[in-house]
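> Structure below; questions to follow.
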Amino acid sequence: MNAPGTIAVLTSGGDAPGMNACIRAVTRSALAHGLSVLGSLHGFEGLMDDRFTTLGKNDVSNILQRGGTILHAARSDRVLSPEGRAAAAANRARRGVGGLVAIGGEGTFHGADALAREHGVAVVGVPGTIDNDIWGTDFTIGYDTAVNTALEALDRIRDTAAAHERLFIVEVMGRRAGYIALEAGIGSGAEAILLPETRTDIHSIAETIRRRKAEGRLSSIMVVAEGDDAGNALGIAAELKSREGLDCHVTVLGHVQRGGSPTTSDRVLATKLGWAAVEALLEGSAPCMVGETGGRIVRHPLPCAWERRKELDPILLKLASLLV
Ligand code: F6P
C-alpha cells in the first residue's frame, strides 16, 4: 500500500466488547502515520452502499471503555456474493481507500478474503468475537469480557441453587465453540459442562447428579453451550425430566454476554491488535489476519481462520469431569 493514503475500518458479525477500543487504536495509529481514516457503517454493508464516517482523533475519544461498536455491526450475506463485492470494490476505489481493517469473526474473514482475492483489496482481519473460535490467536477480542460476564452470572445462580438445593442448567453462547462454556464452567465449579466439541451423554450426567446427591451435595449447576450436540438448555432440561425424572431450572444468558464494558485484557488486546493491523497494512503484509500467541503479535493468511481448528485445552476438558 502507498502511504500516505486513506484506510477504512469496519466491525462485522456479532459485536464484541473491545471493538471500540480496536477502532480507536486503528484510527490513532493510522493518523500517527499521516493516513486518513474512514469508518464503514454496519460492517461490509457500509462499504457496499458507500456509507462511511470520517474518523479523526476526537471521534474516537471516550469509546475505549464502551461495549458495542460505534460503527455498528451487521452480518452481511451480500459481501459473500460477487455483486456485493464488486460494489464494495468500486466504492473503495472511488474513495481512494488503500487498505481495509476488518474486525470480526470467521464470517468477516471470509468476506475480507474474497474481497482480497477478487479485487486485490489490501485487507487485514482482526479477530473480534466473544466465541474465541479463531485459530491463530490465543484470544479473540471480547472473549475475556464475555466469559467473565457468564462467570458472574453463574456465581449468582450458585447462591440460589445452594439455598434451595436445586438443579440448574445454564445456557451460554457458542454455536460451534465451547470456550465460554468450558472456562466459565471450570471457573464456577460447574458439575457438568456440555460442549459442541464433545459428545453429551444425558444418562451419565444424571448419574453424576444422583451420585452427588447421595454424597450430600444437593445442588448442581450444568453449563451448556447453545450449540451442544444434545440440544439447547430447554431441550436438555426436558430430556432430564422425561428420561431421568430430574427437575431442572433453566437460565439462558443470551446476549447479556455480548454487552458491557470490556475487561482490561480485552482493552489491551484490542489496542495491540488495532495497532498491529495498521502496521501490517503499511508493511505490505495484507491480506492477512493479525493475532497474539504466547504474548507475541503474529500474522497469518486469512483462510487459517476456517481451515485450521483451534482446540479446546485438553487439561480443562479432563478437569471438567474429574473435580465434580
Ligand atoms: O458473535 C458470536 C455469537 O454471539 C455467538 O456466540 C452466537 O451464537 C451468535 O453470535 C448470536 O448471533 P446473533 O446475535 O446474530 O443472534
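> Looking only at region 130-138, decide whether some residue is under 30 Å from C248 (Cα atoms), open to solvent by less than 20 Å² (accessible area, probe 1.4 Å) and out of contact with any Lys or Arg (no Cβ under 7 Å at 6 or more places or on another chain).
Within region 130-138, the first condition is being under 30 Å from C248 (Cα atoms), and the residues that meet it are 130-133.
Still in the running and open to solvent by less than 20 Å² (accessible area, probe 1.4 Å): 130, 132.
Narrowing the set further to residues that are out of contact with any Lys or Arg (no Cβ under 7 Å at 6 or more places or on another chain) leaves 132.
Yes, that holds for at least one residue.
> Separate question: Do we have A16 as within 16 Å of the ligand (Cβ to nearest atom) and not in a strand (DSSP E or B) here?
Values: within 16 Å of the ligand (Cβ to nearest atom): yes; not in a strand (DSSP E or B): yes.
Yes.
Results for (1) within 16 Å of the ligand (Cβ to nearest atom); (2) open to solvent by 30 Å² or more (accessible area, probe 1.4 Å), shown as yes or no for each residue.
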position: A190; (1), (2): no, no
position: T200; (1), (2): no, no
position: V224; (1), (2): yes, no
position: G227; (1), (2): yes, no
position: R243; (1), (2): no, yes
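> Here is a follow-up. Condition first: of a type in the set (G, A, S) and surrounded by 11 or more Cβ atoms within 10 Å (Cβ to Cβ). Now tell me which residues in region 285-324 satisfy that.
Of the residues in region 285-324, the ones of a type in the set (G, A, S) are 285-286, 291, 294-295, 305, 320-321.
Hits for region 285-324 are S285, A286, G291, A305, A320, S321.
> Could you say which residue among V298, V324, V268, V250 is touching a strand residue (DSSP E or B) at 6+ places or on another chain (Cβ under 9 Å) and assigned by TED's automatic domain parsing to the domain that holds H33? Spell out how you get there, then give the answer.
On the way: V324 fails: assigned by TED's automatic domain parsing to the domain that holds H33; V268 fails: touching a strand residue (DSSP E or B) at 6+ places or on another chain (Cβ under 9 Å); V250 fails: assigned by TED's automatic domain parsing to the domain that holds H33.
Every option except V298 fails the conditions.
> Any chance region 163-178 includes a residue that's touching a residue at least 24 places away in the same chain (Cβ under 8 Å), farther than 19 Å from V250 by Cα, within 15 Å of the ligand (Cβ to nearest atom) and not polar (S, T, N, Q)?
Yes: one or more hits.
> Only residues that are out of contact with any Asp or Glu (no Cβ under 8 Å at 6 or more places or on another chain) and of a type outside the set (G, A, S): list them for region 174-197, please.
Selection gives E183, I186, E191, I193, E197.
Here's the yes/no breakdown for (1) open to solvent by 20 Å² or more (accessible area, probe 1.4 Å); (2) at pLDDT 95 or above; (3) closer than 19 Å to A277 by Cβ:
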| residue | (1), (2), (3) |
| --- | --- |
| R66 | yes, yes, no |
| A88 | no, yes, yes |
| R92 | yes, yes, yes |
| R95 | yes, yes, yes |
| V121 | no, yes, yes |
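> Mind checking which strands (runs of 3 or more DSSP E) fall wholly inside region 106-207 and carry at least 2 residues that are of a type in the set (A, V, I, L, M, F, W, C) and over 21 Å from the mean Cα position of the chain (by Cα)?
On the way: elements: 123-127, 167-172, 192-194.
So the answer is 167-172.
> Do the conditions hold for A30, that is, is it surrounded by fewer than 18 Cβ atoms within 10 Å (Cβ to Cβ), assigned to a helix (DSSP H, G or I) and away from the ligand (no atom under 16 Å from the Cβ)? Give the steps one after another, and end with the answer.
Details: surrounded by fewer than 18 Cβ atoms within 10 Å (Cβ to Cβ): no; assigned to a helix (DSSP H, G or I): yes; away from the ligand (no atom under 16 Å from the Cβ): yes.
No, not satisfied.
> Just a yes or no: is a residue in region 247-259 within 16 Å of the ligand (Cβ to nearest atom), of a type in the set (G, A, S), surrounded by 17 or more Cβ atoms within 10 Å (Cβ to Cβ) and modelled with pLDDT of 95 or more?
No - not one qualifying residue is present in region 247-259.
> Output the residues belonging to region 143-162 that are within 12 Å of the ligand (Cβ to nearest atom) and in contact with a strand residue (DSSP E or B) (Cβ under 6 Å, 6 or more places away or on another chain).
Scanning region 143-162 gives a single hit, A150.
The values are calculated or read from the model by the stated rules, or taken from the named source; none is laboratory data. Here the structure is a predicted model, which means the values were calculated and not measured. Glycine also receives a Cβ, built like all others from the backbone with ideal geometry; neighbour counts cover every protein chain displayed. We work out accessible area using only protein heavy atoms, side chains counted, and drop any ligands, DNA or RNA first. Shrake-Rupley method; radii C 1.70, N 1.55, O 1.52, S 1.80 Å.
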